[in-house]
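This report concerns only the one structure given below.
The values are calculated or read from the model by the stated rules, or taken from the named source; none is laboratory data. Model, not experiment: these values are computed from the prediction. Methodologically, a virtual Cβ is constructed for each residue, glycine included, from the backbone with ideal geometry; neighbour enumeration extends over all protein chains shown. Note: accessible area is taken over every heavy atom of the protein model, side chains too, but ligands, DNA and RNA are not part of it. Shrake-Rupley method; radii C 1.70, N 1.55, O 1.52, S 1.80 Å.
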Amino acid sequence: MKKILTSVFCAAVLTSAFPLFANIVFGKTDINENDELLFTVSQTASGTANYSSLFYGKIKNGEVPLAPELITFYPEKMELLDGGRFLQIRNRFGTARYDSKEEKLYWHKKVSGIPQSLLPAPVYEVSPDGNWICKIEKTEICLGKLVLENAKTGNTIILAEKALNSYQSIPVKWAPDSSILVYEKNGSLYFCNPSALMRGVEIEEKFRRIGRGTINSVSWGSEKYLAYVDDYLLYRINTNEMYTTGLYAGIIGQGKAIGRLPFQFNPLSDKVFANKDVTSIVTIQNNRLFSYLTIQSLSCDYMDVIYSRPYTDSSASLKECFVFWDKDDNPILWQEKLPYLGRLEKGSVYRLGAQAKLVLEISDSGRPYLSPDGSRIAFFSENDIYIYDVNTWQCVAELNGERISCLKWIDRANLYVGGEQTLRSWNLLSGNTETISLSSVQECYFDSSSNSICAGVSGGSYFTFNPSKGTWKQIVTPLRLHSLSQNGRYRVFTGKTQNPNYDNALYIRTLTDSAVTKAVYPVSVEKQSQKRKVALIFDASDNADGLPQILSALKKYNISGTFFVNGEFIRRYPMETKQIVTNGQECASMFFTTADLTAQGFTITEDFIRRGLARNEDEFFECTGSELSLYWHAPDYKVTESIKEFGKLAGYSYVNNNFKYSPTDIQNVKAEKLIDEYNQMLKFASFGIIPVAVGYSYGIHEEPLYRYMDLLISSLLDSGYEIVALNQL
C-alpha cells in the first residue's frame, strides 16, 4: 500500500484582443431508429471540474422540442438529508437527490440549458440529522445573506444580512445532535434552536448572543458542551444553560471561564478545537503555531501547556490543518502540505502529547472525512480511498479504481463515494460497492439488441441506464460498440459556431421532405460578445507567508499567475522560489533590491537598471535553473518614466500599478472592500491586471488578501471575466 495584503490592485486598459477560450464542447453522439438522440457535453472553465455529461433527447420535425434530459450526475458537492435517506448531489446543472429507500435518482432543481457562466458549487453546512441547511445566498460581489433552510419544506429564514461570500466555508457550527446552531454575525457569535427559529417562537437574538469573535472562536466538544475562547479566556458553555446565560448576560457576563490561555487568541487568524468535556483544547495560531493545553481546575487558572511548537517542516509549506480527538481524548493533528519540490499535496498525521508523534504520511492527499461516530477516517490518495481506525491507526479498508471528488459517510460501515467516473455506495463490512450513477462518460450509444441507453467510462467499463429509476448499472460489453450519425430521416453532426462560449455546435439535418438543418441548442450558434480578460500577478517582495494558500488556490481553479520576485525574496526564500516554479507558475522580475528607486540621493542610470535586472536574472537562475520572463516592475511600484525606458532598453516590458491604493496605505483597507472596489473599477476596462502581495511585506495585517484568494477569484469569474496568464493580454 502506498504511503500514504497586503495587496495592491491595478486595472490596466489594454488594446489588443484575443479569441475567448471556448469551454463548451459537444462530443460523442448516437441516434436510433426511434429518432432518439444521445450526446455528450464537456465544459472547461477555471475553478470547476472538467467532465463529460450525457444528454438524452427526442427528435421531432427536425429539432428537439423538449429540453434534452441530463442523465449523468457529476458530484461536485454532496450532502446527506433526512436522516441519511437522501443523498443530495450538486453540480453546475443543479441539484439532484438519490432516495436510498426507493433507490431512485432524480433532479430536485435544475438550470435550463447548458450553463455558460461556471462557478464552483457553493458550500452548504448541513445539520448532522440532515434536516437543516445553512448557506450563503449571494447579493453583492463579496457579500450575501446567511440563510437557514428547512431541507424538507424549502422554507428559509435569514440569519445575517451581510455575510462574506466563500466557496470554502461558511460561519456556522452545528451541535452534534443538531439541536443548536452557532453562527457569526457582525463580529459577534449567536446561537439558535433551528426549529424554534423557523416556527417564529425563538427568543430575541440579543438574548442569544454568546460574545464577540468569529466562528473560529468556538468548538463543539459534544452536544452537551460548547468551547468558546475570548481573548485570553476559555469558557465552557453548557447547552442546557445557553438560554439562561443569554438572558442574564448583561448581569452575569458571558458565562463561567474555566481556563486562561498563556497567549492572546486572535479570532481572525486562530482556531480552537475542544475535546468532549472541554477540559482540553488545541489552538492553531496563524496556521503556524500548534498548542495543546489542558485545564488544571475550573477556577480559571492558567492552562497547562502539554505541547506547543511552530511548524518547522523544511520540505514543504503548510496549507491547512484539522484537529480531531480519539477515544482516549488524544488530539490528532492533520496537516495538508505543499512540498517545495513537488506539485502534489501531501498529508501528515500526528498524535499530540508531550511530543508530536507521526502516525501516518499520505502522498497526493485530500482533506480527511471523519465517520459520524468519530472512530474512523477516510481520505484520498491518488486513485485510492483509505479507511483508517482513528484509535489504532490501522487501515481497515481501501477502494481503488478512479480519482475521487467527494465522499459522504452514511454510518460507521457505509459511505457514498463520488468519483470522476461513477457515484457508488460502499459497504465496509462486505467490501461491496454498488454503482448509483455515472459522473462522466467517454462513449454513448443505444444498444442494438435492447435499444437501451448505454455508456462507457474511462478504463473500459460499460453501464446501462434505468430511465424509471434514473440510475445506472454496470454490464458486460454491449453487442454494438459504435454509434450512428444518421437513421435515414435525420443526421446529427457537430459543426462550427460564432458563439465564443462554444467550441462547436450540435446540429440535426433533416434528410427527408424539406431539407433543413437546426442546432439542438439555438443559443449555441448565436453570436455573442467575448468575455473580458484579467490577469493575476503576485508580488513576492520579502515575505512568503501567503505562498501555499496562493499556489493552492491557483491549482484549484486551474489558473496561471505571474509571480514578480524580488532579489531579497530569492535570497531569503530559495525553497519557496523553487516551489513557485515547480508548480508551473511564471516568474517575472521585481529588481534585485527592495529599495525605493525614486528616493532622493539615488542617481538611477541605464547601467544601474540593466545590472539590477541582470543580477536578479542570475540569482533566480542559480536558485531554480529557470529563466525569468521579460516582465518587471520596480519595488513598491515606485518608478519614473526614465526608469521604465531603461528597463525597456534591457528588453523588459514594465507592468504598471494603476490602482489608487499604495502598498503602504492598503493595510487599512479590508480585503472585501478592495475586491469590491477593483471590480467596480474593472467595469470601465476591457482588460485588467490584479496584483496581490505575498506575505506581510508592508506590516502585519489581520486580513491579508491572500487569505481571500477563493473570494477574489470567484468574484472575477462571477463578474464574467476570463482569468488568463499575463502573456495572454
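Miscellaneous remarks
- Filtered by the rule that a residue be in contact with a Cys (Cβ under 8 Å, 6 or more places away or on another chain), assigned to a strand (DSSP E or B) and modelled with pLDDT under 95, the range 161-183 gives a lone residue, Leu164.
- Highlighted here are the strands (runs of 3 or more DSSP E) found entirely within the range 364-466 that include at least 2 residues which are among the aromatic types (Phe, Trp, Tyr) and closer than 30 Å to Gln486 by Cβ: 443-446, 462-466.
- Consider the range 409-420 and keep the residues that are out of contact with any Asp or Glu (no Cβ under 7 Å at 6 or more places or on another chain) and surrounded by fewer than 21 Cβ atoms within 10 Å (Cβ to Cβ). The one that is farthest from Arg85 (Cα to Cα) is Ala413.
- Members of the range 503-518 that are of a type in the set (D, E, K, R) and either exposed (fewer than 15 other Cβ atoms within 10 Å of the Cβ) or not in a loop (DSSP other than H, G, I, E, B) (or both): Arg509, Asp513, Lys518
- If the condition is being in contact with a Pro (Cβ under 8 Å, 6 or more places away or on another chain) and either open to solvent by less than 10 Å² (accessible area, probe 1.4 Å) or among the hydrophobic types (A, V, I, L, M, F, W, C) (or both), then the range 580-617 contributes Met590, Phe591, Ala595, Leu597.
- Residues (within 20 Å of the chain's Cα centre (by Cα) and over 14 Å from Lys555 (Cβ atoms)) located in the range 324-348: Trp334, Gln335, Gly347
- For Gln549, the stated conditions hold: it is of a type outside the set (A, V, I, L, M) and buried (at least 17 other Cβ atoms within 10 Å of the Cβ).
- Among strands (runs of 3 or more DSSP E) entirely within the range 33-117, having at least 1 residues that are under 25 Å from Gly495 (Cα atoms) and among the acidic types (Asp, Glu) singles out 36-43.
- Selected residue [within 22 Å of the chain's Cα centre (by Cα) and either more than 30 Å from Ala519 (Cα to Cα) or open to solvent by 50 Å² or more (accessible area, probe 1.4 Å) (or both)] from Lys101, Lys152, Lys77: Lys77
- The set of residues from the range 444-465 being open to solvent by less than 20 Å² (accessible area, probe 1.4 Å) and within 20 Å of Glu420 (Cβ to Cβ) comprises Cys444, Cys454, Ala455, Gly456, Val457, Phe463.
- Flag if Glu161 is touching a strand residue (DSSP E or B) at 6+ places or on another chain (Cβ under 7 Å) and open to solvent by less than 40 Å² (accessible area, probe 1.4 Å): no
- In the range 552-572, the qualifying residues are those that are among the small types (Gly, Ala, Ser) and outside any helix (DSSP H, G or I), and the one that is surrounded by the fewest Cβ atoms within 10 Å (Cβ to Cβ) is Ser560.
- Only a single item in (1) surrounded by 14 or more Cβ atoms within 10 Å (Cβ to Cβ); (2) modelled with pLDDT under 80; (3) hydroxyl-bearing (Ser, Thr, Tyr) is not met by Ser662, and it is number (1).
- Applying the criterion of at least 3 residues that are open to solvent by 30 Å² or more (accessible area, probe 1.4 Å) to the strands (runs of 3 or more DSSP E) found wholly in the range 255-330 leaves 304-310, 316-325.
Let's see how each residue does on (1) modelled with pLDDT under 95; (2) out of contact with any helix residue (DSSP H, G or I) (no Cβ under 7 Å at 6 or more places or on another chain); (3) open to solvent by 30 Å² or more (accessible area, probe 1.4 Å); (4) closer than 22 Å to Asp231 by Cβ:
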{"site": "Lys135", "(1), (2), (3), (4)": "no, yes, no, no"}
{"site": "Lys138", "(1), (2), (3), (4)": "yes, yes, yes, no"}
{"site": "Lys185", "(1), (2), (3), (4)": "no, yes, yes, yes"}
{"site": "Ser188", "(1), (2), (3), (4)": "no, yes, no, yes"}
{"site": "Ser195", "(1), (2), (3), (4)": "no, yes, yes, no"}
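- Residue in the range 473-485 that is touching a Ser or Thr at 6+ places or on another chain (Cβ under 6 Å) and not in a strand (DSSP E or B) present: yes
- Some residue of the range 479-492 being crowded, with 16+ Cβ neighbours inside 10 Å, under 32 Å from the mean Cα position of the chain (by Cα), closer than 25 Å to Glu69 by Cα and not charged (D, E, K, R): no
- Residue count, the range 331-355 (criterion: under 19 Å from Ala274 (Cβ atoms) and open to solvent by 40 Å² or more (accessible area, probe 1.4 Å)): 2
- Residues in the range 356-412 that are among the polar types (S, T, N, Q) and either within 21 Å of Lys319 (Cβ to Cβ) or in contact with a helix residue (DSSP H, G or I) (Cβ under 9 Å, 6 or more places away or on another chain) (or both): Ser363, Ser365, Ser381, Ser405.
- All positions within the range 204-232 that are touching a Cys at 6+ places or on another chain (Cβ under 9 Å) and open to solvent by 40 Å² or more (accessible area, probe 1.4 Å): Glu205
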